[in-house]
């Protein structure tokens, strides 16, 4: 399994509109490509020196080839909308992660 992780620091001046856009539009559009099986939106609980609020979105896919398909056929268009709406009020960086093994608690 591959996790495409996008970490975004969002300026407070656009925070409400950005979060609404992510929750109701952008994540759904990424999933609608059919290349990811699920997504998780998480808030980073560390305060950044630069200010703002930081989030990570994790998109799960079963192959590197599907992620490459996303990069070539969908990412430019989907990233462009965020830039048009929010410009330099958000700063994103992307990481690719490969799940090696999963472990679970034996009980609580």
Report summary line: Taking alpha-carbon centroids only, segment 1-19 lies from segment 21-58 a number of Å equal to 5
Report task. Would you please classify the overall shape of the chain from the alpha carbon gyration tensor, given that a ≥ b ≥ c denote the square roots of the eigenvalues, rounded means a/c under 1.5, and beyond that prolate means a/b larger than b/c while oblate covers the rest? Result -> oblate
Query - Pairwise label distance in nanometres, residue 97 with residue 21, each label 7 Å out on the Cα-Cβ vector - result: 2.5
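Just so you know, all these numbers are worked out from the coordinates, no wet-lab data involved. Since the model is a prediction, treat every value here as computed from it, not as a measurement. FYI the Cβ positions are ideal-geometry reconstructions off the backbone, even for glycines, and counts take in every protein chain you see.
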